[in-house]
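Novice: My questions all concern the structure below.
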Amino acid sequence: MTDEHRHRLTERDGMEMGVRCPNCGTYTSFGDILATGTCRGGWKGCRTGLRLDLVVYD
């Protein structure tokens, strides 16, 4: 079983077309998250799994 935690992102976390990893602070693009499901900060030793949930409402 994986240990999942939801993080609500704020404007400070967001950057154009990506976000900062909540664990290591490395910028990761939305495309990389969708393609690999992990943080791009692997060179820093970060192995955080990331995913995006799309919420649609009227």
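Novice: Among residues belonging to the stretch 25-50 that are in a helix (DSSP H, G or I) and surrounded by 11 or more Cβ atoms within 10 Å (Cβ to Cβ), point out the one that is farthest from the chain's Cα centre (by Cα).
Specialist: The selected residue is 44.
Novice: Then there's this: Could you check the stretch 1-24 and list, in sequence order, the residues that are surrounded by 13 or more Cβ atoms within 10 Å (Cβ to Cβ) and assigned to a loop (DSSP other than H, G, I, E, B)?
Specialist: Result: 13, 21, 22, 23, 24.
Novice: Further question: Please identify the pairs in which a residue from the stretch 31-49 that is farther than 19 Å from residue 5 by Cα and modelled with pLDDT of 85 or more has its Cβ atom under 7 Å from the Cβ atom of a residue that is surrounded by 12 or more Cβ atoms within 10 Å (Cβ to Cβ) and of a type outside the set (Ser, Thr, Tyr), counting only partners at least 6 apart or on another chain.
Specialist: Pairs found: 32/40.
Novice: Is it the case that residue 53 is at pLDDT 80 or above, open to solvent by less than 100 Å² (accessible area, probe 1.4 Å) and within 10 Å of the chain's Cα centre (by Cα)?
Specialist: Answer is no for this residue.
The values are calculated or read from the model by the stated rules, or taken from the named source; none is laboratory data. What you see is a predicted model, and the numbers here were worked out from it, not measured in a lab. Note that we place each Cβ from the backbone using ideal geometry, even for glycine, and neighbour counts take in every protein chain shown. For the accessible areas, the whole protein counts, side chains as well, though only heavy atoms, and no ligand, DNA or RNA atoms are used. Shrake-Rupley method; radii C 1.70, N 1.55, O 1.52, S 1.80 Å.
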